[in-house]
Amino acid sequence: MKHSSVNKITAIVPAAGIGSRMSSSIPKQYLPIGSKTVLEHTLSILVSHPAVSHVVVALNKNDTHFDHLAIASHHKIARIYGLLSKTKKPWPFLKMTGLYLCLRGLF
């Protein structure tokens, strides 16, 4: 499949969980799988895909882990804080920025 610059994708990764349902001191996106965290595996795949031009990571406003990830400074990655939750839908933010999200069943 050939990817043209016209069809570039902005991926949005919800990563604002705090691990409360797991009773964990570390949010599940920061749990290790091998040498990387769950979030690092996800972001690595997205930033390396030729059709993905930007990756927006939605983080908890109190997140203290993301900045410690090597991939956090990747030029394709931008972060937003506190705009997504299970009770507050992201649509006003997405309309405001011109981003559109198609993640069936997540919101």
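Just so it is clear, none of the values below were taken in a lab; they were calculated from the coordinates. No experiment lies behind these values; they were computed from the predicted model shown. Cβ coordinates were reconstructed from backbone atoms using ideal geometry, including for glycine residues, and neighbour counts include every protein chain displayed.
Across the stretch 13-22, rounded Karplus estimates of 3J(HN,Hα) from the backbone phi angles (6.51 cos²θ - 1.76 cosθ + 1.60, θ = phi - 60°) give 10, x, 9, 9, x, 10, x, 5, 5, 8 Hz, Gly and Pro being marked x. Within the stretch 5-89, how many Lys pairs sit with Cα atoms under 28 Å apart, leaving out pairs fewer than 8 places apart on the same chain? So the count works out to 21. When you restrict to C-alpha pairs under 8 Å that are six or more residues apart and normalise by the size of the stretch 5-89, the relative contact order lands at 33 percent.
If a/c stays under 1.5 just call it rounded; otherwise compare a/b with b/c (prolate if a/b is bigger, oblate if not). Do that for the stretch 5-89, with a ≥ b ≥ c from the square roots of the Cα gyration tensor eigenvalues. Please report the intermediate quantities before stating the final value.
On the way: a/c = 2.11, a/b = 1.40, b/c = 1.50.
Taking the square roots of the gyration eigenvalues as a ≥ b ≥ c, the stretch 5-89 is oblate.
Residues whose amide H comes within less than 5 Å of that of ALA58, counting only those at least five positions distant or on another chain, are VAL13, ALA15, ILE80 (H built at 1.01 Å from N in the peptide plane). For ILE18 and ALA72, a Förster radius of 25 Å and the Cβ-Cβ distance give a FRET efficiency of 0.85, rounded to the nearest 0.05.
The slack between LEU31 and ALA51, meaning 0.36 nm per residue of separation minus the straight C-alpha distance, is 4.5 nm.
Computing FRET efficiency as 1/(1 + (r/R0)^6) for LYS8 and ASN62, where r is the C-beta to C-beta distance and R0 is 35 Å, gives about 0.65. Overall, the stretch 5-89 carries a charge dipole of about 320 debye about its Cα centre when +1 sits on the Cβ of Lys and Arg and -1 on the Cβ of Asp and Glu, all other atoms neutral.
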